[in-house]
Amino acid sequence: MALTCVQVVLMIGMLITGSINTISKKAQNDCNVKGFRNSSANNTATVHSFDHPWFQTWIMFIGECSCLLGLFLTRRRERKEFIREMNWAAQLGREPQTPSEHPRVFQWIFLLPTICDLVGTSVAGIGLLYVDASVWQMLRGSIIIFAGILSKIFLKRRLYPIHWLGMMTVMAGLVLVGCSSVFRANHSVSASHTLLGILLILSSQMISATQMVLEETFLKKRNYHPLQVVGMEGCFGFLLMTFAVLPAMYFIPGSGINGSYENSIDALYQMGNSPRLLIFCLLYLVSIAFYNYFGLAVTKSLTAVHRTLIDACRTILVWGTDLFIFYVFDKNFGEEFDKSYGLLQVDGFMFLVIGTMLYNQIMTVPCLPWCSPPLTVELQAVINPPPHRAQESSNSSAPSSPRSVLPSSLNNTVQDMEESYRSDIDEHSSLLPSPTSVRRSSKYT
């Protein structure tokens with residue numbers, strides 16, 4: 001099916017805002033600016049790097065809060081449409097439809113995924129201090145492994161061989177990308193710190209996968225609007241960061257300014273002293289808001305194929321932009337292509353893309369019949385109809401055969417039909433295999 005102009009715009013918007021999100025966050029870390037008065041330097045403002053991952057999480061939650069504005073606008077449009085339909089029904093003498101009831105915006109249940117989002121984003125931000133933006137973006141693909149395992153343990157989902165093969169391929173890609181970063185010769189960070197950054201990023205993805213499982217368990221059955229979920233998580237996160245986390249980071253002893261683990265006052269001073277840093281922070285905030293909007297819109301109108309393509313293109317765009325900035329504009333920003341281990345990173349990226357496509361059942365392995373994607377209930381009913389339907393159609397058609405013996409052209413058609421049934425699955429649930437109970441209890445009509 002050809003894409004419409006609106007869908008193309010949504011895909012491009014998601015790609016650009018997602019790339020700006022990663023690039024602007026790494027650019028903040030590369031800035032060296034005067035900040036708050038340093039007691040160890042005779043109370044003078046010294047130039048130092050912008051190492052404030054928890055403060056960056058606070059900025060992220062501000063961007064997520066703006067999704068509530070989109071929720072209110074959506075509900076307002078729905079009310080206007082209902083009033084128009086009610087007036088039209090009154091003119092025709094028909095009984096008006098019952099208005100749909102929206103759940104209350106404020107819900108305490110959003111606090112659980114908010115805590116996971118807070119910790120996961122902050123830990124990933126700390127890891128970004130020690131690795132390049134392209135490596136950081138690639139390592140985030142490990143969420144497939146954690147989401148698959150956690151969904152099997154806690155949600156009792158069944159993982160098919162195609163899922164395990166995809167996770168193993170992703171794991172091989174992660175090893176290659178991690179080795180290319182650790183073994184890199186011309187790197188400003190030591191190998192031990194790089195390894196620490198990789199472990200922190202992987203840990204953050206495990207926390208993010210936990211967040212997905214929590215949202216699947218507590219939120220999906222309640223049918224909350226995605227904008228409400230993101231917006232309320234942003235509000236809860238903003239309040240937690242402002243009144244609990246950032247003050248705690250200020251008083252915890254550390255290597256930051258004035259002996260704090262992280263001094264948010266110093267971050268504000270650095271933003272005020274550097275217009276460039278301020279622009280990076282604003283770009284990060286705005287990109288978070290628009291990325292959530294474009295992501296939700298793409299999820300509703302497109303399929304897992306398009307989301308996988310966007311994620312792959314996002315990594316390529318982040319990597320290419322960083323290389324372009326380093327070699328063309330300013331060597332203090334971006335990243336250098338390592339001639340010794342850069343190709344190892346390229347190979348790792350290819351493994352990650354292939355593993356993601358296998359996991360999402362976009363790619364098949366014809367030479368491994370045991371690794372064929374599972375059939376949905378609807379397709380099973382089409383290929384192997386119930387006895388009463390098979391008897392009705394016995395005079396007009398031959399009995400259906402299992403998919404394993406279908407011609408290759410029909411197999412491709414079946415896979416395309418499977419993809420169309422996944423078009424309404426959101427971005428998070430695409431990482432969680434469909435429950436076996438649904439497959440067994442659903443009926444084809």
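Just so you know, all these numbers are worked out from the coordinates, no wet-lab data involved. Just so we're clear, the structure is a prediction, and the values are computed from it rather than from any experiment. All Cβ positions, glycine included, derive from the backbone under ideal geometry; neighbour counts span all protein chains shown.
Go ahead and run the numbers for FRET between HIS193 and TYR261, Cβ-Cβ distance against an R0 of 25 Å, rounding to 0.05.
Values: r = 17 Å, r/R0 = 0.68.
Approximately 0.90, to the nearest 0.05.
Can you give the charge dipole size of segment 1-101 about its Cα centre, rounded to the nearest 20 debye, using +1 on the beta carbon of Lys and Arg and -1 on the beta carbon of Asp and Glu?
Numbers: 11 positive and 8 negative charges, 53 e Å.
Dipole about the Cα centre, nearest 20: 260 debye.
Run the quick spin-label model on ALA90 and ASP347: label points 7 Å from Cα toward the beta carbon, then report their separation in nm to one decimal.
About 7.2 nm separates the two model spin labels.
Which order do LYS26, LYS34 fall in if you start with the one that has the fewest other Cβ atoms within 10 Å?
Values: LYS26 25, LYS34 17.
In order of increasing Cβ crowding within 10 Å: LYS34, LYS26.
Using the Cα centre as the reference, give the magnitude of the dipole from point charges on the C-beta atoms of segment 19-172 (Lys, Arg: +1; Asp, Glu: -1; all else neutral), rounded to the nearest 20 debye. Display every interim value, and only then the final one.
On the way: 17 positive and 10 negative charges, 57 e Å.
Roughly 280 debye for segment 19-172.
When Lys and Arg each count +1 and Asp and Glu each count -1, what net charge do the other residues less than 14 Å away from CYS235, Cβ to Cβ, add up to? Please report the intermediate quantities before stating the final value.
Working: positive: ARG104; negative: GLU64, ASP117, GLU233.
The answer is -2.
Whole Å is fine, so just give me how far the alpha carbon centre of segment 83-154 lies from that of segment 6-40.
22
For ARG84, ARG314, ARG75, what ranking results if the residue with the fewest other Cβ atoms within 10 Å of its Cβ goes first? Don't jump to the answer; show the numbers that get you there.
On the way: ARG84 10, ARG314 21, ARG75 16.
Neighbour counts put them in this order, fewest first: ARG84, ARG75, ARG314.
Per-residue counts of other Cβ atoms within 10 Å, averaged by peptide: what ranking do you get for 43-53, 10-20, highest first? It would help to have the intermediate numbers written out before the result.
Values: 43-53: 16.6, 10-20: 20.8.
So the order, starting with the most tightly packed, is 10-20, 43-53.
Please arrange TRP58, TRP88, TRP108, TRP164 by counting, for each residue, the other beta carbons lying within 10 Å of its beta carbon, fewest first. Write out the running numbers ahead of the final one.
On the way: TRP58 21, TRP88 11, TRP108 8, TRP164 14.
Placing the least packed residue first, the sequence is TRP108, TRP88, TRP164, TRP58.
For TRP108, what charge total do you get from the other residues with a beta carbon under 13 Å from its beta carbon, if Lys and Arg give +1 and Asp and Glu give -1?
Numbers: positive: ARG104, ARG222; negative: GLU233.
Combined, the nearby Lys, Arg, Asp and Glu give +1.
Select from VAL33, MET86, PHE72 the residue farthest towards the positive end of the dipole of segment 31-132; place +1 on Cβ of Lys and Arg, -1 on Cβ of Asp and Glu, and compute about the Cα centre.
It is MET86.
Per-residue counts of other Cβ atoms within 10 Å, averaged by peptide: what ranking do you get for 189-200, 266-277, highest first? Before the final figure, lay out the partial values.
Details: 189-200: 16.9, 266-277: 18.8.
The most tightly packed comes first, giving 266-277, 189-200.
Classify segment 169-288 from the C-alpha gyration tensor, please: rounded if a/c falls under 1.5, else prolate or oblate depending on whether a/b exceeds b/c. Provide the component values of the computation, followed by the final result.
Values: a/c = 1.80, a/b = 1.07, b/c = 1.69.
Here segment 169-288 falls in the oblate category.
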